[in-house]
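Everything on this sheet refers to the single structure shown next.
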Amino acid sequence: MIATIVRHTFAELVRDGRFRLTAALLVVLALVAGLAGWQQVRALHAEAAAAGTGERGRWLGQGGKNPHAAAHYGTYAFKAPRPLAVVDPGVQAYLGSAVFLEAHRQNEPLHRPAQDGTALQRFGDLSPALVGQALLPLLVILLGYAAFAGERERGTLRQLLALGVQPLHLLVGKALGCIAALTLVLVPLAALGVAAAALLAPPGQQGDELLRALAWVAVHTIYLGAFLFLTLAVSALARSARTALVVLLGFWLIGVVALPRALSDLGRSLHPTPSSLAFRNELDAALGDPHGRETLEAQRVAILKQYGVSRTQDLPINWSGIALQFGEERANQIFDRFFQGLWATLAAQDSIFQLGAIVSPAPAIQLLSQALAGNDTAQHLNFLTQAEQHRREMQRTLNGALRDSKGSNAAFDWNRIPPFGFSPPPITSALAPLLPSLAFLIAWFAATAVAATVAVRRLRA
Amino acid sequence: MLTTEALTKRFPSAAALAVDNLTLNVAPGELFALLGPNGAGKTTTINCLLGFVTPDAGRALIDGLDVTREPLETKRRVAYIPEQVNLYGYFSGVENLAYFSELAGHRYPDAGLRKFLAVAGLEPAAHDRRVAGYSKGMRQKVGIAIALAKQAKALLLDEPTSGLDPSASHEFSQLLHQLREQGLAILMATHDLFRAKQDATRVGIMRHGRLAHILTADELGHTDLEKLYLETMGN
């Protein structure tokens, strides 16, 4: 019985020229966006690799130089693009992919293509994620809004019910038939993600990236399933197919198009981030605090006493190495306070966004998709943390070398500073902060499925 | 087989009763024709028997089962042809028949399906065409085939011959005769006095939800049905 309804629903959709055209259009759109993304990821990869190699060569070729001069000379940390940026580039374009690592300063990231964009770009570039999250729900609505309401209007529903068909069987059959038709669109999208994970991931990360791609497909399936059940529920309850369509398009417009924008703006107004300039000015004011001079002087007196000398030039070690490292550590505390404050604000904005999933499943899928693609704010900040860790390690090594360089003319071996490599967090820690989003998404699926079941139970011819 | 016991229904929007204390029994092998103007309660009676309308009082029974209590079981025992048979436009006549039959619990080979369509009077050339291009009469024939394929014990017909040309209507009337001979109980709402007189074993004239007259086959033979009908409506 159910199998018959599934086959019939699927055949009816596939024979409908409007479905074929829309589905084909969406697949082409997603694939074009995906292939453009693929090209971009490869280009960024090549760029990052070339820049990384050039940067390393520059660093190693510094010759005989004071280690602190080298610390000022500095080096760049590059973030190679994540493979699943092909399906969801997330915040990649907004948060930068390179940081300059130098003495005394924790810098903000550079190379943010979005800085060159227009305000319109805030609506997002076309990506397979945008197709999956904004346009596929529209396709789901188009293929399901008439499922019950349309049959009621045509009078076929009355004939089906007169046969003794159970409404619940009708619901399950129609849902599965629509899913079968949707699969035709989803498979190319899923294949794109899996291929990106398999072919673009650096060695050692394929396993994690593949897992991410599969989870990406899974959460989108749940998301579209929620839209399907919502559509079928509305179709069963609505007086006419036209009413069902208007209600569903209204929900789409508010829940998928308007809500995420509104949530971003709400997050920003509740938890405003300082402008880049203001942030830098306050940070500089904190760093320039004369309080530091006094503690440094106390440190100098303690060291002189420890070595039993009265002048710094009589010390067996190079005082400037100690002084510089002292300055670094003092500044690091200030950096931690400032940057962690800034990042906490970003996280607070994200939690506002996450709460929006009460109104519509769209915010939840957007956050999950970005996180699984490795391009959410948290994982980007993880790159910045790793880069900063590298900078501090580098300063400690260079200042230590300076401290121990007294009376020696040996040149510093630049290889003692290892090249920077970003190791992305595994999928589990990427998803950990998004468990509420995952819960919201599953709750949406369950709630819409229950709503559809209840709606067909009171199905009237 | 098809029974109503003091069936009563009032729709919230209407002042008068749609069906008023209607008691009726159609036995196997019988064809009961319900005559009456629009709004007399014919379709509401059929809807009560199909379980689409819940009566305010009284019961509708099929094969002794209460329609309200066992909506699925009673629907399985009765086939229904509406005034306007609706089909799925993207599918052919055979495909539509196959779908409705499978949902009614019968899976037929292709030849079996075509036989039902042929018996219902649909010419073979139309079997594989999509029904979007069918005339009303052709759809009605597919509806008849759907009812035949259900192999039900009882048949509910709501103006089944509307839209059929006279010869198709005649074929349908012969078909009804065969089905009645096979022991089906048939309840047919109709405006067609001629067909009612030809086909029915009993005729009921409905007015304001009540059966004003019931005529048996013997009585039908020597009654001017049209005159009686007009007189009933004139009262």
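Only the coordinates and a few stated rules stand behind these numbers; no lab work does. Note that the coordinates shown come from a computational prediction; the quantities given were computed from them, not determined experimentally. Glycine also receives a Cβ, built like all others from the backbone with ideal geometry; neighbour counts cover every protein chain displayed.
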Legend entry - Rounded, prolate or oblate (a/c below 1.5 giving rounded, otherwise prolate when a/b exceeds b/c) for the protein assembly as shown by Cα gyration tensor: prolate
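When DSSP assigns beta bridges and you keep just the ones with both residues in the protein assembly as shown, what percent turn out antiparallel, to the nearest 5?
60
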Legend entry - Electrostatic dipole magnitude of region B:86-151 [Cβ: Lys, Arg +1; Asp, Glu -1; Cα centre; debye, to 20]: 160
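With contacts defined as alpha carbon pairs under 8 Å and 6 or more residues apart, what's the relative contact order of region B:110-235 in percent?
18
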Legend entry - In Hz, Karplus ³J(HN,Hα) per residue of region A:181-186 (6.51, -1.76, 1.60; θ = phi - 60°; x = Gly, Pro): 5, 5, 4, 4, 8, 6
Inset, instruction - List, in the order given, every pair from B:Lys115/B:Lys153; B:Lys75/B:Lys153; B:Lys75/B:Lys115; B:Lys42/B:Lys227 whose Cα-Cα distance in the structure shown is over 18 Å. - result: B:Lys115/B:Lys153; B:Lys75/B:Lys115; B:Lys42/B:Lys227
Legend entry - Lys/Arg +1, Asp/Glu -1 at C-beta; region A:2-457 dipole; positive extreme among A:Ala451, A:Phe335, A:Trp319: A:Ala451
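Just how large is the dipole of the protein assembly as shown about the Cα centre, in debye to the nearest 20, putting +1 at every Lys and Arg Cβ and -1 at every Asp and Glu Cβ?
Working: 63 positive and 55 negative charges, 78 e Å.
My answer is approximately 380 debye.
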Inset, instruction - Just the ratio, please: alpha-carbon radius of gyration of region A:1-158 over 2.2 N^0.38 Å, N its number of residues. - result: 1.70
Inset, instruction - Between beta-carbons, use under 13 Å as the cut-off and find the net charge around A:Leu304, counting Lys and Arg +1, Asp and Glu -1. - result: +1
Legend entry - Neighbouring partner chain Cβ atoms per residue of B:50-58, average, 10 Å criterion: 2
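Taking a quarter of the surface of the Cα convex hull of region B:86-151, what do you get in nm²?
3.7
Return an integer: the convex hull volume of the alpha-carbon atoms of chain B, in Å³ per residue. Intermediate values should be presented prior to the final figure.
On the way: hull volume 29.2 nm³, N = 235.
Each residue corresponds to 124 Å³ of Cα convex hull volume.
Enter the per residue convex hull volume of region A:328-461, computed from alpha-carbon coordinates, in Å³ rounded to the nearest integer. List each step's numbers first, then the result.
Details: hull volume 13.8 nm³, N = 134.
Cα convex hull per residue, to the nearest whole number: 103 Å³.
Suppose a student asked you for the relative contact order of region B:40-171, using Cα pairs under 8 Å spaced at least 6 residues apart; what percent would you report? Walk me through the numbers before you get to the answer.
Details: 178 pairs, mean separation 39.3, N = 132.
Taking the mean separation of contacting Cα pairs over the length of region B:40-171, I get 30 percent.
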Inset, instruction - Determine ³J(HN,Hα), in whole Hz, for all residues of region A:331-344 in sequence, where each value follows from phi through the Karplus function 6.51 cos²θ - 1.76 cosθ + 1.60 and θ = phi - 60°; x replaces Gly and Pro. - result: 5, 4, 4, 5, 4, 4, 4, 5, 6, 5, x, 4, 5, 5
Inset, instruction - Hey, can you grab everything whose amide H is under 5 Å from the amide H of B:Met206? Only 5+ residues off in sequence or another chain; H modelled, so Pro and N-termini drop out. - result: B:Leu35, B:Gly36, B:Ala212
